[in-house]
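Visitor: First the structure, which I've put down as structure tokens, then a few questions once you've had a look.
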Amino acid sequence: MSRFLAPFAALALASTAGAAVIRVDFGGTANQTTESGVTWNNLTGYAAGSNIANLRDTGDGLTGIRLEITGAFRGVNSGGTTTSTLFPSDASRDSFFGNTVSTGSFPGTYLGSQLTLSGLNPAETYSILFYASRTGDSVNRETSYIVADGNGSQTRTLNANNTNGSVAASGLIPDSNGRITINVTSGANNATTEKFFYLGVMEITSVPEPSVALLGAGAAAFLLVRRRHG
């Protein structure tokens, strides 16, 4: 690498070095996810108020981020795949679920299933990946994930009759209270009678914004190199 480009390569590396990844498994107590060398957060309570007060990243570091169920799900479904190449089988095999249409077998509706992330850093941007699996038939089980942040909202949809598919919302910035909310509901193409929806795994990636000082250092390096080669 030339001496002219070296300062900018260092700047690029420094701007991404602080990225952190958090993985959350939503499911029952019998299938909590453990993975060698990777820390998972397991949330087994689907009622409103269930929470993990301080999420850990995949390197087992505390992040200061709180995850809370602020709108209940119906329960836990254990009909997911065990052959996904994205996540361990204990993460893919079960999920939280709800329904937006009441039937005799599933009376009542869950129209406000919601998660809230708080304690987020306003100087960082976030992406959130969603995964769910409920296999065993060919019915479309499309689920919508509506992510609200300081910029507005993004909607992503995933057919949960799925093994290796996932969707993600990116470029997320916390609101003025350091929060991002996620509403989970049935998608427009959902073909189940009850309009079932699912959430099995959520992966949160945070990337610190380059600091003003770091950018200033890069500019100074550029000027220095220009003088030397002028």
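The values are calculated or read from the model by the stated rules, or taken from the named source; none is laboratory data. Quick caveat: nothing in here was measured; it's all calculated off a predicted structure. Here the Cβ is made from the backbone with ideal geometry for all residues, glycine too, and neighbour counts use every protein chain on show. We work out accessible area using only protein heavy atoms, side chains counted, and drop any ligands, DNA or RNA first. Shrake-Rupley method; radii C 1.70, N 1.55, O 1.52, S 1.80 Å.
Visitor: Cβ contacts < 6 Å: first residue of a type in the set (A, V, I, L, M), restricted to the range 83-100; second residue open to solvent by less than 30 Å² (accessible area, probe 1.4 Å), any location; separation 6+ or different chain. Result?
Guide: ALA91/ASP25; ALA91/THR33; ALA91/VAL201
Visitor: A further question on this structure: Quick one: in the range 61-93, of everything that is out of contact with any strand residue (DSSP E or B) (no Cβ under 9 Å at 6 or more places or on another chain) and not in a helix (DSSP H, G or I), which residue is surrounded by the most Cβ atoms within 10 Å (Cβ to Cβ)?
Guide: ARG93
Visitor: Please work out which one of (1) over 24 Å from LEU129 (Cβ atoms); (2) at pLDDT 95 or above; (3) touching a Phe, Trp or Tyr at 6+ places or on another chain (Cβ under 7 Å); (4) of a type in the set (A, V, I, L, M) is the condition VAL225 fails and give its number.
Guide: (2)
Visitor: Quick one: which residue in ALA148, ALA91 is of a type in the set (A, V, I, L, M) and farther than 19 Å from GLY27 by Cβ?
Guide: Matching residue, one of ALA148, ALA91: ALA148.
Visitor: Next question, about the same structure. Name every residue in the range 30-46 that is part of a loop (DSSP other than H, G, I, E, B) and out of contact with any Ser or Thr (no Cβ under 8 Å at 6 or more places or on another chain), in order of residue number.
Guide: Result: THR33, THR34, SER36, GLY37, GLY45, TYR46.
Visitor: Among what's in the range 94-103 and is of a type outside the set (A, V, I, L, M, F, W, C) and not in a loop (DSSP other than H, G, I, E, B), pick the residue that is farthest from the chain's Cα centre (by Cα).
Guide: Going through the qualifying residues, I end up with ASN99.
Visitor: Restricting to the range 172-196, and then to whatever is part of a loop (DSSP other than H, G, I, E, B) and β-branched (Val, Ile, Thr), can you tell me which residue is surrounded by the fewest Cβ atoms within 10 Å (Cβ to Cβ)?
Guide: Of everything passing the filter in the range 172-196, THR193 is surrounded by the fewest Cβ atoms within 10 Å (Cβ to Cβ).
Visitor: Out of the range 9-29, which residues are at pLDDT 95 or above and outside any loop (DSSP other than H, G, I, E, B)?
Guide: Result: VAL21, ILE22, ARG23, VAL24, ASP25, PHE26, THR29.
Visitor: Determine the pairs where a residue that is more than 20 Å from PRO88 (Cβ to Cβ), located within the range 38-63, has a partner that is among the basic types (Lys, Arg) with Cβ atoms under 8 Å apart, the partner being 6 or more residues away or on another chain.
Guide: TYR46/ARG74; ASN51/ARG66; ALA53/ARG66; ASN54/ARG66; LEU62/ARG56; THR63/ARG56
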